[in-house]
Amino acid sequence: MAKQLFVPTYRIDECLQEIRQCLEIGWTGLGYKTVEFEKAWKEYTGFQHCHFVNSATAGLHLAVKVLKERFGWEDGDEVISTPLTFVSTNHAILYENLSVVFADVDEYLCLDPQDVERRITPRTRAVMFVGMAGSSGAYREILALCRKHGLALIVDAAHMAGTRLEGKAVGLEADATVFSFQAVKNLPTADSGMVCFARAQDDELARKLSWLGINKDTYSRSNSKEAYKWHYDVEHVGYKYHGNSIMAAIGLVQLRYLDADNAYRRQICQWYEEAFAGNDLIGMVPLPRGCESSRHIFPILVDDRDSMILALNQSEVFPGVHYRDNTHYSMYRSGSGTCPRAREKSERLFSLPLHLRLTRSDVQYIAEKVTSYVNSKVPA
C-alpha cells in the first residue's frame, strides 16, 4: 500500500464530526459549510473572492466563461496553454469555443515565457498557466507578459494548494486562479475545487452560473426574511457546478493540516533528491528561487521510462505519468510538433510515490529500485 503513487490521508474522526453537523441540521448542499470553507480559504490564501465548486474542472470552465463574457472574446479567439497537463486544463478552453495554442515548457515543466511571447497573435486573449507539480515556474515572467500585451491570466493551480512564492499564494495577481481538492490532491476531499477571481463582479457572475444561472441560491433564500423568497430570476444558461457542504466539511478539516502535510511532502522529496544526487541518468526537476512548493508530485526524467515503470511494478512500486503531451491525443493532435521540449520530457517523465504514509525506508527502497534499474542499462 505504501508504495502506491497516491494514498490520501483523512483525519477521519474530525471529518465525521464536521459532516455530522451537516446531517444533524439537515443541510448538506450549497451553503452552510461551503460558506465556512470559502471564508477559511480566503484567510489562508489571501484571495478576496473564493467560490467553492464541485471540481477544479468546473472552476476552470467558469474562469474561462466569465472572462470571455467580461472581455467580449469571440469564438475562435486564442488562449495560450501548455501541452504538459491534465486534459481538463485545455478542455475548459474548448468548452467556450476558444482555440488552444500550445507553448513549450521550461526546465520547471511550466510554460516557457519566451515561447509564450512567440505564440502571441492579434487573436490571443489569455494565457493559461499551470503550476506543474506545485511549482510556481516562471509565474512572475508570465504575469509580466500578460500585462505587457493586455492578456488575461488564468492560473490552473490544481497542484498548488499551499504553494507559496516569496511567502504569498501564487495567483493573487491573476484574473482567475483555480485550485483542486480532488481525492488525491494535497488537500483531498472526494472531489471539489475553488475558483478565485480578482474582481467581485466576476465572482458574482460565477456564482450565478454555477447554480444554473439563478440569481438567488437556495441557501440565501432559506435565510431570507422576504415574503416571496421563492421569486427568483434565471439570468443565464448556467450549470450545476456548485460545491456541497459534505465536501466542504472535509475540506475544512484537511485545511487545518495542509501546511504540516506539505512540510512532510517536502521532506520526502528531499530524501529522494539525496538518494539520486550525483546520478546523471536520473533527471530531477528544479524549483525556482523563492518557491515553497506544495510538492504534489515528485517527477523525474529517465530514458526507457515505460520499461522502468513495468520493472518497478514487479517490485511492488507503482509510479505514475504526469503527463502525456496532450498533442498525442486526437483532440489536440493539430498541435503535434509545436512544442518539442514538452514532447521530449513527456516521453521520459514519471512521478514517484508521494504521500503522507511513506516512511524514509519506503523512499530508500523506491530510490534503490530506480537507481538499480537505470544503472543496469549502462553498457559495461
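Checking residue 48 against (1) of a type outside the set (Gly, Ala, Ser); (2) surrounded by fewer than 15 Cβ atoms within 10 Å (Cβ to Cβ); (3) over 21 Å from residue 129 (Cα atoms), only one condition comes out false. Which one? Result: residue 48 passes all but (3). Of the residues making up the stretch 175-193, those that are surrounded by fewer than 24 Cβ atoms within 10 Å (Cβ to Cβ) and in contact with a helix residue (DSSP H, G or I) (Cβ under 8 Å, 6 or more places away or on another chain) are 175, 182, 188, 190, 191. Across the stretch 136-154, a minimum of one residue is classified as in contact (Cβ under 8 Å) with a residue 24 or more places away in the chain, under 19 Å from residue 295 (Cβ atoms) and not hydroxyl-bearing (Ser, Thr, Tyr). Applying the set (1) surrounded by fewer than 17 Cβ atoms within 10 Å (Cβ to Cβ); (2) under 20 Å from residue 130 (Cβ atoms); (3) outside the structural domain of residue 126 (by TED's automatic domain parsing) to residue 7 leaves exactly one unmet item: (2). Scanning the stretch 333-365 for residues that are more than 30 Å from residue 111 (Cα to Cα) and out of contact with any Phe, Trp or Tyr (no Cβ under 8 Å at 6 or more places or on another chain) gives 357, 358, 359, 361, 362, 365.
Yes/no per residue for (1) in contact with a Lys or Arg (Cβ under 7 Å, 6 or more places away or on another chain); (2) closer than 22 Å to residue 157 by Cα; (3) not β-branched (Val, Ile, Thr):
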| position | (1), (2), (3) |
| --- | --- |
| 246 | no, no, no |
| 263 | no, yes, yes |
| 273 | no, no, yes |
| 280 | no, no, yes |
| 284 | no, yes, yes |
| 291 | no, yes, yes |
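Of all residues in the stretch 3-17, exactly one satisfies the criterion of being among the basic types (Lys, Arg) and within 11 Å of residue 358 (Cα to Cα), namely 3.
Taken over the stretch 77-113, residues that are part of a helix (DSSP H, G or I) and either among the aliphatic types (A, V, I, L, M) or not assigned by TED's automatic domain parsing to the domain that holds residue 185 (or both) amount to 4. Residues of the stretch 136-169 that are under 18 Å from residue 296 (Cβ atoms), of a type in the set (Val, Ile, Thr) and not in a loop (DSSP other than H, G, I, E, B): 155 alone. Counting the residues of the stretch 172-181 that are in contact (Cβ under 8 Å) with a residue 40 or more places away in the chain and assigned to a loop (DSSP other than H, G, I, E, B) gives 4.
The numbered conditions (1) assigned to a loop (DSSP other than H, G, I, E, B); (2) in contact with a strand residue (DSSP E or B) (Cβ under 7 Å, 6 or more places away or on another chain) are all true for residue 116 except (1). Name the residue that is farthest from the chain's Cα centre (by Cα), counting only residues in the stretch 181-203 that are closer than 14 Å to residue 241 by Cβ and among the small types (Gly, Ala, Ser). Selected residue: 192.
Against the conditions (1) within 14 Å of the chain's Cα centre (by Cα); (2) at pLDDT below 95, residue 213 satisfies every one except (1). Exactly one residue among 38, 18 is under 17 Å from residue 191 (Cα atoms), in a helix (DSSP H, G or I), in contact with a Cys (Cβ under 8 Å, 6 or more places away or on another chain) and assigned by TED's automatic domain parsing to the domain that holds residue 202, and that residue is 38.
Going by the structure shown, is residue 130 β-branched (Val, Ile, Thr), surrounded by fewer than 24 Cβ atoms within 10 Å (Cβ to Cβ), in contact (Cβ under 8 Å) with a residue 40 or more places away in the chain and touching a Ser or Thr at 6+ places or on another chain (Cβ under 8 Å)? Taking the combined requirement at face value, the residue does not satisfy it.
For the stretch 58-76, the condition holds for no residue, the condition being that it is in the same structural domain as residue 156 (by TED's automatic domain parsing), touching a Leu at 6+ places or on another chain (Cβ under 6 Å) and either surrounded by fewer than 20 Cβ atoms within 10 Å (Cβ to Cβ) or of a type in the set (Gly, Ala, Ser) (or both).
Looking at this structure, is residue 145 at pLDDT 95 or above and touching a helix residue (DSSP H, G or I) at 6+ places or on another chain (Cβ under 7 Å)?
Taking the combined requirement at face value, the residue satisfies it.
Among the residues making up the stretch 62-78, a single one is free of Cβ contacts under 8 Å to residues at least 60 places away in the same chain and hydrophobic (A, V, I, L, M, F, W, C): 73.
The values are calculated or read from the model by the stated rules, or taken from the named source; none is laboratory data. Model, not experiment: these values are computed from the prediction. As a convention, Cβ positions derive from the backbone with ideal geometry for all residues, glycine included, and neighbour counts pool all protein chains shown.
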